[in-house]
Structure formats: C-alpha cells, structure tokens
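The values are calculated or read from the model by the stated rules, or taken from the named source; none is laboratory data. What you are looking at is a predicted structure, and each value in this text was computed from that prediction instead of being measured. Cβ coordinates were reconstructed from backbone atoms using ideal geometry, including for glycine residues, and neighbour counts include every protein chain displayed. Remember, those area values only see protein heavy atoms, side chains included, never the ligands or the DNA or RNA. Shrake-Rupley method; radii C 1.70, N 1.55, O 1.52, S 1.80 Å.
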Amino acid sequence: MIVRASEQDAENYAMRHGILKVLGMREPVPLESVYTAVQFLDRSGISRFESIEDLEKAFRQQPDRSFQPRNAKKLEGLKVANEKQYLMVLGGPGAGKSTFLRKMGLEALKGKAGGYVHEAIPVLIELKNFTSSEVLIERAIAQEFRICGFPSPDEVTIRLLEEGKLLILLDGLDEVPTRNVDETIRQIQNFVDQYDKNRFIASCRVAAYRHNFRRFTDVAMADFNQGQIQQFIANWF
C-alpha cells in the first residue's frame with residue numbers, strides 16, 4: 001500500500017510543496033534547484049538564543065558580529081533528520097526552516113534513491129491554518145491526501161498513521177495565533193503520543209519556542225559557512 005500511495009503522492013507533493021517563488025523572481029523554480037544543504041546547532045548552541053539579552057551579548061562578543069561562535073559544533077541537517085524520530089527545527093525568520101522541511105519531504109518521496117533513509121510518505125501541515133483552538137491533524141492529513149487524489153483519504157490516513165508510515169512535517173508553530181498556542185501544543189503532543197510509530201519534523205522561530213515538546217530533539221539552524229555561501233550564490237544566480 002505504501003508503494004502505491006507514494007507513487008500517487010510524489011508528483012502532487014512536488015507540485016504543491018517543491019516549488020519556490022520569492023521576491024525578485026519572475027517565475028517559480030524547483031526547490032531542489034536552489035536548495036543548499038543546511039547544518040544545525042545542537043542544544044548547547046541554542047542556549048545563547050533563549051533571551052534577548054543572551055542574543056545581544058553573543059552578537060557583541062563575536063569579532064565579525066555573528067550570532068554564533070566560530071567553534072560552535074555543527075550537525076549535518078539530513079543526518080540529524082535521519083537519526084531523530086522527533087525533531088524540532090528552530091531558527092530566525094528567513095533562516096530556511098520551512099525550506100528544510102519541504103526538502104525532507106522531497107527526499108522521502110525518492111525512496112531508496114533519496115537521502116532520507118526511512119520508508120515514509122511525507123505530509124506537510126502548515127500550522128498557521130489552525131486558526132481555532134481545535135487542531136484536527138488527522139483531518140488536515142486526510143485533506144492533503146484528498147487534494148493529491150487518494151481514494152478513501154480518511155480511511156487511508158488512519159491506516160497509515162496506525163502503521164507508522166508517515167513523515168509528518170509540522171511547519172510554523174510560531175504562526176499559530178497566540179490565544180491558541182497552549183491548546184495547539186497540547187493537541188499536537190497528544191497526537192504524537194497516539195501515533196508514535198510515525199516520524200515528525202516541526203519548525204518554529206527561536207523566540208516563540210518554549211521547549212515544551214517533550215519527545216522532540218531541539219536543533220537550531222546554523223549560519224552558512226563559506227562553502228555553503230558559495231553554493232547558495234551559484235544556485236540562485
């Protein structure tokens with residue numbers, strides 16, 4: 001079933017979530033044509049971002065006015081995603097969190113030819129769409145499958161969730177309305193506990209995160225090194 005469902009989902013996912021168009025672009029481009037592999041800071045590297053005071057102090061202490069120390073331990077993004085069943089990706093606005101989630105989905109769809117080693121169907125859920133206190137993730141997943149043309153999407157959703165066959169990408173926790181954040185977190189935690197055979201990658205701005213996703217490993221987007229900067233420029237231009 002997963003093979004059939006993956007084949008059906010691949011083209012639709014790429015059309016919905018594998019295209020980028022940003023300010024200054026005349027035409028949309030495939031995400032993979034401009035994507036630059038990212039690195040993460042581990043928990044010790046995140047601690048300096050936990051308050052405005054810590055962030056300002058870190059910035060002023062660096063001779064090149066960087067937010068991250070030159071000797072900060074960095075982890076390969078794809079490797080971390082493969083190792084961690086529950087991953088929370090933190091970063092500032094425009095750091096590439098959403099792009100990373102979409103890229104992991106594309107890698108999962110490639111199967112054995114991709115860099116994501118787990119057999120899973122990716123489903124991207126934009127948390128900003130949950131504008132009420134009711135967070136029905138099962139319904140959101142079923143709607144994605146419905147848009148992609150899956151037969152019996154509600155039944156397929158429950159079956160795949162129970163079998164642990166999904167890579168669930170929860171994008172933009174910080175975009176949930178403030179009045180709904182606590183309830184949204186509670187419902188996501190309950191969902192993860194109920195369907196804990198699946199894999200999860202979530203994203204949030206550092207300033208909005210409260211470190212209360214108990215199963216999740218927290219990592220933060222690292223600044224590009226010189227090689228990544230050169231690759232990024234080459235890809236874009």
Next on the checklist: Restricting to region 102-152, give me the number of residues that are open to solvent by 30 Å² or more (accessible area, probe 1.4 Å) and farther than 22 Å from residue 184 by Cβ.
Outcome noted: 13
Item to check | Search result, residues across region 213-234 that are closer than 24 Å to residue 41 by Cα and at pLDDT below 75 | outcome: 223, 224, 225, 226, 227, 228, 229, 231, 232, 233
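Restricting to region 54-101, give me the number of residues that are assigned to a helix (DSSP H, G or I) and either open to solvent by 20 Å² or more (accessible area, probe 1.4 Å) or at pLDDT 60 or above (or both).
First, pick out the residues of region 54-101 that are assigned to a helix (DSSP H, G or I): 54-61, 77-83, 97-101.
If we keep only those that are either open to solvent by 20 Å² or more (accessible area, probe 1.4 Å) or at pLDDT 60 or above (or both) as well, we get 54-57, 59-61, 77-83, 97-101.
So the answer is 19.
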Checklist entry - Pairs, please: C-beta under 7 Å, at least 6 apart or cross-chain, first residue within 23 Å of residue 196 (Cβ to Cβ) and in region 140-162, second open to solvent by 80 Å² or more (accessible area, probe 1.4 Å) and in a helix (DSSP H, G or I)? => result 142/154; 153/146
Item to check | Unique match (being in contact with a Ser or Thr (Cβ under 8 Å, 6 or more places away or on another chain) and either at pLDDT 90 or above or basic (Lys, Arg) (or both)) among 168, 121, 201 | outcome: 121
Next on the checklist: So in region 170-207, with the set limited to residues that are of a type in the set (Lys, Arg) and within 14 Å of the chain's Cα centre (by Cα), which one is nearest to residue 119 (Cα to Cα)?
Outcome noted: 199
